[in-house]
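Have a look at the structure below before the remarks.
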Amino acid sequence: MHRRLLAAFLFSGIAIAQTAPSLQTRPAAKAAAPSTAVEGATGLPTEDTVNSFLFQMFGYDPTVTWKIADIRPSEVPGLAEVLVVITNPQGSNSNKLLVSSDGKHAVSGDILPFGAKPFEDARAKLEKGVNGPAKGPAKAPVTIVEFSDMQCPHCQKASSAIEQLLAQEPEAHFVFQNYPLPMHNWAEKAAGYVDCLGRASNDAVWKFIQQTFDEQANITEANTDEKLKAIATAAGAKGDEIAACAVKPDTKARIEASLALGKSVGVNGTPTLFVNGRSVNAGLPIDVLKKIVDFQASQEKGGK
């Protein structure tokens, strides 16, 4: 997931195809009129304030629209985190704004964990909370966690690179976490299939994930069940049983838990990778990803 500096975000008006926003999608705004809304009782900027800000930045260009994906407290006291998707004829770009408590300043980008062991907090949360299908040795020097959306084209593109990485890192433990994005109309249903297959057959679930990515362009909201049941059956499972499991309350609860876990470690788009708690851009070249995995493994083994 590429990220831009605030200057580019505010003044270029140019977006590229990007990962989609996190949960809690809010209505899109097209050239919204300026607002005089004050900050909410929670101390967070209101939707009206954010829309007015974006209107002042992009109102000159009628081809630019935006969607507020989330407004939430940051992990850092005194800052609010605003997730926004900017869209123009070139595509969509997911952006994060960090807004000061006085509502007068904002910067674009991520807050990085800091300290002698900056990734331990995220690693602990992931070790405790992951519930997706896994492969590779359970006790491994490196655990790679991917938050993914079965309808996300960037996840589809990243899947082959991740498979190459895992082939070169046989000692790594890999976990696939569901993170269906709200603007994808069949992603949540597919996440249910992944969850149920993962609990039923570790062999079938990986076949299902790969085949669904391969068929992604042919799956629509109207044919979702037909396609996913056929893929599940071809993977070696009973498609009708998996379809029934996918809509059960406990399955939905497990998906919600995965979404909450991702949000707790800073996921705001897909795919997002974590290597022993370290957030890593899934679009990096394979050789760079391997260096990061090997480095984290060396740290775990006491190397330098």
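What follows draws every value from the coordinates through simple rules; no lab data is involved. Here the structure is a predicted model, which means the values were calculated and not measured. Reconstructed Cβ throughout: ideal geometry from the backbone, glycine too, with neighbour counts over all protein chains shown.
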| task | Kindly put F114, F295, F53, F147 in sequence by how many other C-beta atoms sit within 10 Å of each C-beta, fewest to most. | result | F114, F295, F53, F147
| field | Per-residue ³J(HN,Hα) for the range 70-78, Karplus 6.51 cos²θ - 1.76 cosθ + 1.60, θ = phi - 60°, Hz, x for Gly and Pro | value | 6, 10, 8, x, 7, 5, 8, x, x
| query | Under unit Cβ charges (Lys, Arg +1; Asp, Glu -1), what dipole magnitude, rounded to 20 debye, does the chain have relative to its Cα centre? | reply | 400 debye
| note | Note, the range 55-67: 3J(HN,Hα) by Karplus (6.51, -1.76, 1.60, θ = phi - 60°), whole Hz, Gly/Pro = x, goes 4, 5, 7, 10, x, 6, 10, x, 7, 9, 10, 8, 9
| query | Tell me, in nm to one decimal, what length is gained between K104 and E127 on full extension, where the rule is 0.36 nm per residue of separation less the Cα-Cα distance? | reply | 4.5 nm
| query | If one computes the Cα centroid of the range 55-102 and of the range 200-247, what distance in Å separates the two points? | reply | 35 Å
| query | Hey, what angle do you get for helix 187-200 against the long axis of the chain, alpha-carbon based, 0 to 90 degrees rounded to 10? | reply | 30 degrees
| task | Compute the signed sum of charges (Lys and Arg +1, Asp and Glu -1) over the other residues within less than 13 Å, Cβ to Cβ, of H173. | result | -2
| note | Ranked on Cβ counts within 10 Å of their own Cβ, fewest leading, C152, C196 go C152, C196
| request: Over the Cα atoms of the chain, compute the convex hull volume and normalise it per residue, giving Å³. | output: 143 Å³
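Counting only C-alpha contacts under 8 Å and six or more residues apart, can you give the relative contact order of the chain as a whole percent?
19 percent
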| How do W206, W66 line up, fewest other C-beta atoms within 10 Å first? | W206, W66
| task | With a 10 Å radius around each residue's Cβ, average the other Cβ atoms per peptide and rank 175-187, 119-131, highest first. | result | 175-187, 119-131
| query | What FRET efficiency would be calculated for the residue pair K135, E75, taking the C-beta separation as r and a Förster radius of 30 Å, to the nearest 0.05? | reply | 0.45
